[in-house]
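Here the structure is laid out as structure tokens; the discussion comes afterwards.
The values are calculated or read from the model by the stated rules, or taken from the named source; none is laboratory data. Computed from a predicted model, the values in this text were never measured in an experiment. FYI the Cβ positions are ideal-geometry reconstructions off the backbone, even for glycines, and counts take in every protein chain you see.
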Amino acid sequence: MKRVGLITSGGDSPGMNACIRAVVKSAIAVGCEVVGIEDGYQGMIEGRGKLMVYSDVTNIIQMGGTILGTARSKEFRTAEGRKKAHANLKEWGCEGLIVIGGDGSFTGAQILSEEFNLPVIGIPGTIDNDLYGTDHTIGYDTAINTAVDAIDKIRDTANSHRRIFFVEVMGRDAGFIALNSGIAAGADEVLIPEEWTDIKALVENVKTCLKGKRSTIIVVAEGDDAGGANDIRNHVAKDLEDYDVRVAILGHIQRGGKPTAFDRILSTRLGYEAVDSLLKGEKGIMIGVNGENICKVSLESAIKMHASPSQEKMALVKRLRTQSD
Ligand code: ATP
């Protein structure tokens, strides 16, 4: 294989640039060229690709976002759109494709691969960590650290004013960011979509907490079954009307910023391995990590199966709830 295409697709995540750098450098080092395609599948359809050189990827390992840009492409969901995209890949001479993205991006890659017999490799890039077949996705560690930093700051003011804070974090329909940032920030409650939210019990727990300390922090996953932080505040408003209840929605700050060392190392390993695998003739797989080791799973299972946060971690949040002395 002498030339491959590379896209970042779906939501951006910190570490994507470190991964682009690793793909480009490790491919060029073994005589394979990389066409960097702008704005994911949309740029592929519109013919916005360019041969990448070393200087394109210098000084980017520390940058959040993606230098290639990313987009959500409706047109790529159509056979006509994918035909245009494939024609451009052919024109550029790409014999394979590396896709950094989430399960939607992998679904698109899988369909393209089946329709045109194109070897594709997926690299998990999403802050949500919701992909089956890898312990970590690119950007997740940075997102948790951003959330923890923000929650620490909220706790300072909550404590000063004796407030209850519902802090909403991202994660779409997965609770990984909420659970892990909640544990790291010492939250009193963590509400995630994978576990039914009992509003009555929540109210009682908050009241118990407040007997022991000045503030209560409840981390809410944006996709929780009882709604986001505003919805939950509304559910409890009547029962907690004697308290000062506030909402903070962390939002897009969780997607940006410098990637952590963990994410840079992960991204670099996954990018290197994706090139190595593609050049060895492997295809239809996602490169991930299992513990300290690199692992590979079929794109099909990465798309179809779901990753869930650990029950053990949920149990520990409950056990560590504040009680009065
Ligand atoms: P994130 O988890 O950050 O949202 P993602 O990769 O899951 O990332 P999506 O918006 O679901 O993000 O998918 C990215 C793009 O992949 C879509 O905009 C679309 O172009 C393509 N795609 C997704 N699903 C399909 C599909 N069923 N058929 C063809 N293309 C698809």
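Before moving on, here are some points about what is shown:
- A count restricted to segment 115-141 and to residues that are away from the ligand (no atom under 13 Å from the Cβ) and among the charged types (D, E, K, R) stands at 2.
- Unique residue being buried (at least 22 other Cβ atoms within 10 Å of the Cβ), in the same structural domain as VAL297 (by TED's automatic domain parsing) and either away from the ligand (no atom under 16 Å from the Cβ) or at pLDDT below 95 (or both) when the list is GLY96, GLY102: GLY96
- Considering SER9, SER26, the condition of being away from the ligand (no atom under 16 Å from the Cβ) and at pLDDT 95 or above is satisfied by SER26 alone.
- Of all residues making up segment 104-143, the number that are in contact (Cβ under 8 Å) with a residue 40 or more places away in the chain, among the acidic types (Asp, Glu) and out of contact with any strand residue (DSSP E or B) (no Cβ under 6 Å at 6 or more places or on another chain): 3
- Any hit, segment 44-55, residues being under 25 Å from SER298 (Cβ atoms) and at pLDDT 95 or above: yes
Residue-by-condition table, conditions (1) buried (at least 19 other Cβ atoms within 10 Å of the Cβ); (2) modelled with pLDDT of 95 or more; (3) over 28 Å from the mean Cα position of the chain (by Cα):
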position: CYS209; (1), (2), (3): yes, no, yes
position: GLY228; (1), (2), (3): no, yes, no
position: VAL236; (1), (2), (3): yes, yes, yes
position: ALA261; (1), (2), (3): no, yes, no
position: ILE265; (1), (2), (3): no, yes, no
position: ALA274; (1), (2), (3): yes, yes, no
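- Residue in segment 1-41 that is surrounded by the fewest Cβ atoms within 10 Å (Cβ to Cβ), counting only those that are touching a Pro at 6+ places or on another chain (Cβ under 9 Å) and small (Gly, Ala, Ser): ALA18
- As a summary of the residue check, GLY182 satisfies the conditions (1) under 21 Å from THR126 (Cβ atoms); (2) part of a loop (DSSP other than H, G, I, E, B); (3) of a type outside the set (A, V, I, L, M, F, W, C) except for the one numbered (2).
- Checked against (1) surrounded by fewer than 18 Cβ atoms within 10 Å (Cβ to Cβ); (2) under 19 Å from GLY284 (Cα atoms); (3) more than 8 Å from the ligand (Cβ to nearest atom), ILE111 passes all but a single condition, namely (3).
- The single condition from (1) modelled with pLDDT under 95; (2) over 25 Å from the mean Cα position of the chain (by Cα) that ARG72 fails is (2).
- Residues of segment 46-72 that turn out to be free of Cβ contacts under 8 Å to residues at least 60 places away in the same chain and crowded, with 16+ Cβ neighbours inside 10 Å, as a count: 8
- Residue list for segment 77-88, restricted to those being surrounded by fewer than 24 Cβ atoms within 10 Å (Cβ to Cβ) and either touching a residue at least 40 places away in the same chain (Cβ under 8 Å) or within 14 Å of the ligand (Cβ to nearest atom) (or both): ARG77, THR78, ALA79, GLU80, GLY81, ARG82, LYS83, LYS84, HIS86, ASN88
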